[in-house]
Amino acid sequence: DVKVTQSSRYLVKRTGEKVFLECVQDMDHENMFWYRQDPGLGLRLIYFSYDVKMKEKGDIPEGYSVSREKKERFSLILESASTNQTSMYLCASIVETEAFFGQGTRLTVV
Amino acid sequence: DQQVKQNSPSLSVQEGRISILNCDYTNSMFDYFLWYKKYPAEGPTFLISISSIKDKNEDGRFTVFLNKSAKHLSLHIVPSQPGDSAVYFCAAIRRREGTYKYIFGTGTRLKVLA
């Protein structure tokens, strides 16, 4: 079974803080994605990576950056957290056409 | 610009009846379409997929239909069970430069009433 693990289930951060969301997969997949889920907006793609040190912007990259130093780990960084980044964040590892998701991180920015 | 749309935010169905979830897309270049199911506080899980060269794929109680001329796909669940209550996302994949770009719809919350 593919396992995708996100480091935290729930996080509360203050406005202006730098926030790191970590995602680790155990199946040597090349493709990894970060999404955020908001009511009525579905899953929106923030960034994705198709190889180590490779990254590409998704549909809503503003206010975020990513890091992929090792194949198994894909980090999402909120450079200066704002209240409109309060959301559910989902990491996915993708092989061929199937996406395997982590359990999600519910981030609240106060 | 929403390339994949699910126009019904919610749907209620009686247990044992058919659930039909719909999805429309705008880009004819998509290669695959998939459905994912999501329970609260969990990540989405894969349900069923269909290649753009097919018009139907069936897996147990789940059938996905693809109408390319209408740019429309649907998921049929027969018979519906209370455990099917979840949010369902359709997704479309476009293959580009050796990788897959995944685009999700807005989701439909299905409630199956016992």
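The values are calculated or read from the model by the stated rules, or taken from the named source; none is laboratory data. This structure is a prediction, so every number in the text was calculated from the model and none was measured. Neighbour counts are summed over all protein chains in view; Cβ atoms, including those assigned to glycine, are modelled from backbone coordinates with ideal geometry. Protein only, heavy atoms only, side chains kept; ligands, DNA and RNA dropped before computing areas. Shrake-Rupley method; radii C 1.70, N 1.55, O 1.52, S 1.80 Å.
Couple of notes before you dig in:
- Lone unmet requirement of (1) of a type in the set (A, V, I, L, M); (2) in contact (Cβ under 8 Å) with a residue 60 or more places away in the chain; (3) buried (at least 20 other Cβ atoms within 10 Å of the Cβ); (4) in contact with a Leu (Cβ under 8 Å, 6 or more places away or on another chain) for A:LEU11: (3)
- Residue match in the range A:56-75 (condition: more than 8 Å from chain B (Cβ to nearest Cβ), open to solvent by less than 20 Å² (accessible area, probe 1.4 Å) and touching a residue at least 40 places away in the same chain (Cβ under 8 Å)): yes
- The set of residues in the range B:9-24 being in a loop (DSSP other than H, G, I, E, B) and either open to solvent by 60 Å² or more (accessible area, probe 1.4 Å) or β-branched (Val, Ile, Thr) (or both) consists of B:PRO9, B:GLU15, B:ARG17, B:ILE18.
- Within the range B:54-85, the set of residues being touching a Leu at 6+ places or on another chain (Cβ under 6 Å), open to solvent by 60 Å² or more (accessible area, probe 1.4 Å) and of a type in the set (A, V, I, L, M, F, W, C) is empty.
- Looking across the range B:25-40 at every residue that is open to solvent by 40 Å² or more (accessible area, probe 1.4 Å) and within 13 Å of chain A (Cβ to nearest Cβ), the one that is nearest to B:GLY83 (Cα to Cα) is identified as B:TYR39.
- Residue in the range A:22-29 that is within 18 Å of B:GLU42 (Cα to Cα) and surrounded by fewer than 16 Cβ atoms within 10 Å (Cβ to Cβ) present: no
- All positions within the range B:41-53 that are open to solvent by less than 50 Å² (accessible area, probe 1.4 Å) and in a loop (DSSP other than H, G, I, E, B): B:ALA41, B:GLY43, B:PRO44, B:SER52
- Those residues of the range A:78-110 which are part of a loop (DSSP other than H, G, I, E, B), within 14 Å of chain B (Cβ to nearest Cβ) and either open to solvent by 30 Å² or more (accessible area, probe 1.4 Å) or farther than 17 Å from A:ARG44 by Cα (or both), in sequence order: A:GLU96, A:THR97, A:GLN103
- The lone exception for A:PHE48 - which of (1) out of contact with any Gly (no Cβ under 9 Å at 6 or more places or on another chain); (2) within 18 Å of B:ARG95 (Cα to Cα); (3) open to solvent by less than 50 Å² (accessible area, probe 1.4 Å) it fails: (1)
- Restricting attention to the range A:7-36 and to residues that are at the interface with chain B (Cβ under 8 Å from one of its Cβ atoms) and part of a strand (DSSP E or B), the residue that is farthest from B:GLY107 (Cα to Cα) turns out to be A:ASN31.
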